[in-house]
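Enquirer: I'd like to ask some things about the structure below.
The values are calculated or read from the model by the stated rules, or taken from the named source; none is laboratory data. Since we're looking at a predicted model, the values are computed, not measured. Cβ: placed from backbone, ideal geometry, glycine included. Neighbour counts: every protein chain shown. Accessible surface areas use protein heavy atoms only, side chains included; no ligands, DNA or RNA. Shrake-Rupley method; radii C 1.70, N 1.55, O 1.52, S 1.80 Å.
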Amino acid sequence: MAHPTQLGFQDAASPVMEELLHFHDHALMIVLLISTLVLYIIIAMVSTKLTNKYILDSQEIEIVWTILPAVILVLIALPSLRILYLMDEINDPHLTIKAMGHQWYWSYEYTDYENLGFDSYMVPTQDLAPGQFRLLETDHRMVVPMESPVRVLVSAEDVLHSWAVPSLGIKMDAVPGRLNQTAFIASRPGVFYGQCSEICGANHSFMPIVVEAVPLEHFENWSSLMLEDA
C-alpha cells in the first residue's frame, strides 16, 4: 500500500516485482554514475582555463566514449530482457481467473469452478468501515491462494481498461474483443490494491482492484462459501 510522500515503489509481494525492484536499483545506479561523471566534466570545463590539444583531438578518447555507452546499454538491456521473459512465462497455473473490465467496475470469474464469479464495485465513501481506504476498497475482493501460480485472463466489455496491481508487478491492458493473459505468485499473505490504469471514462478513478492473498486452506473455505451462496 502506497503512503503519502512515498518516493519509491511499494513493497514487493511477488517474485517478479522483486526482480523489477532489483533492476530499478541497478539502472538507477548506472544513471547516477553517468550523471556524476557528466557533472564533473561540465564543472571542470567551465572552471579551468587550461586546454590540452591532445584531448581536443584524440582518437583514443573518441573510441572510449563510443564503446563505453554501448557497454552500458548492454548492461541495462540484458537484465531487462531476462525480466521481460520471466513476466511472459506462464507454467502450469494452479488457478485461472478471468477479469473483465466494465464501465466502471470489474467482474471476476474463477474458470476452474462451475459457478464462481462476482462483480467488484468500489465501496462508496459513506459506507466505508473503519480502517478501509477511500477510493480503493471494493465490496468483493479477488481472493487468491498465496505461493500458487495464478493466471489472470484480462478483457473488457465496452472500452479500454487496464488491470494493474503495483505490488504484484502486474499491469495488463483490457481490450474489448481481445483476451490478454498474465500471471503472478503472491509470495506472502496480504491485501494488495490497484486501480484501472487506462483512462476509460468519467468514473475511471472509481473502479479499484483489490487482491487478497490467503493460505490455501483459507482459500478453499472461501471458495466453498461462495459456491454455497451462489
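Enquirer: Would you pull out the residues with amide H under 5 Å of SER14's amide H, same chain only if 5 or more places away, H placed 1.01 Å from N?
Expert: Here SER187 satisfy the definition.
Enquirer: If you add up the charges near GLU157, with Lys and Arg at +1 and Asp and Glu at -1, over every other residue whose beta carbon is less than 15 angstrom from its beta carbon, what do you get? Write out the running numbers ahead of the final one.
Expert: On the way: positive: LYS98, ARG178; negative: GLU109, ASP119, ASP158, ASP173, GLU198.
Its environment carries a net charge of -3.
Enquirer: Could you give the nm distance between label points at ALA77 and MET45, where each point is 7 Å from its Cα heading toward the beta carbon?
Expert: Roughly 2.6 nm, to one decimal.
Enquirer: From the backbone phi of segment 178-189, what are the Karplus-calculated ³J(HN,Hα) couplings (6.51 cos²θ - 1.76 cosθ + 1.60, θ = phi - 60°) in whole Hz, Gly and Pro given as x?
Expert: The phi angles translate into 10, 10, 9, 9, 8, 8, 7, 10, 6, 7, 8, x Hz.
Enquirer: Using DSSP to call loops (not H, G, I, E or B), can you name the trypsin sites (Lys or Arg not before Pro) in segment 1-84 whose Cβ has at most 16 other Cβ atoms within 10 angstrom? If you can, show how the numbers build up before the last one.
Expert: Working: sites: LYS49, LYS53, ARG82; in loops: LYS49.
When the trypsin sites (Lys or Arg not before Pro) of segment 1-84 are filtered for loop state and at most 16 Cβ neighbours within 10 Å, LYS49 remain.
Enquirer: Another question, if that's okay. Compare ARG134, ARG141 by solvent-accessible area with a 1.4 Å probe and give them largest first, with all protein chains kept in place. Mind dumping the intermediate values first?
Expert: Values: ARG134 150, ARG141 70 Å².
If we order ARG134, ARG141 from most to least accessible, we get ARG134, ARG141.
Enquirer: Tell me, what are the semi-axes, in whole angstrom and largest first, of the equivalent ellipsoid of segment 39-99 as set by the roots of 5 times the Cα gyration tensor eigenvalues? Present the calculation step by step, with values, prior to reporting the outcome.
Expert: Values: eigenvalues 486, 43, 7 Å².
Result for segment 39-99: semi-axes of 49, 15, 6 Å.
Enquirer: Distance between the C-alpha centers of segment 1-49 and segment 136-194? Whole Å please.
Expert: 28 Å
Enquirer: Let me check the size of segment 40-141 from its C-alpha atoms; what are the radius of gyration and Dmax in Å?
Expert: According to the Cα coordinates of segment 40-141, Rg and Dmax are 28.5, 80 Å.
Enquirer: Of all DSSP beta bridges in the chain, what percent run antiparallel (nearest 5)?
Expert: Values: 28 of 40 bridges.
Antiparallel: roughly 70 percent of the beta bridges in the chain.
Enquirer: Per residue, how many Å² of accessible area does segment 15-88 show with a 1.4 Å probe?
Expert: Details: 6390 Å² over 74 residues.
Result: 86 Å² per residue.
Enquirer: Given axes a ≥ b ≥ c from the Cα gyration tensor, I'd like to know whether segment 189-230 is rounded (a/c under 1.5), prolate (a/b larger than b/c) or oblate.
Expert: Details: a/c = 5.26, a/b = 2.01, b/c = 2.62.
Cα axes put segment 189-230 in the oblate bin.
Enquirer: Let me ask another. If you average 1/r over every pair of different alpha-carbon atoms in segment 6-73 and take one over that average, what Kirkwood value in Å do you get? Walk me through the numbers on the way to the answer.
Expert: Values: mean 1/r = 0.0653 Å⁻¹.
Answer for segment 6-73: a Kirkwood hydrodynamic radius of 15.3 Å.
Enquirer: Moving on to the next point. Loop-only GluC sites (Glu not before Pro) in segment 145-226, please: DSSP not H, G, I, E or B, and at most 15 other Cβ atoms within 10 Å. Spell out each step's value before the answer.
Expert: Numbers: sites: GLU147, GLU157, GLU198, GLU212, GLU217, GLU220; in loops: GLU147, GLU157, GLU198.
Here the GluC sites (Glu not before Pro) that fit, given the DSSP loop and packing criteria, are GLU147, GLU157.
Enquirer: Using only the heavy atoms of the protein chains and a 1.4 Å probe, how would HIS140, HIS94 rank by accessible area, largest first? Please report the intermediate quantities before stating the final value.
Expert: Details: HIS140 80, HIS94 115 Å².
Ranked from most to least accessible, the order is HIS94, HIS140.
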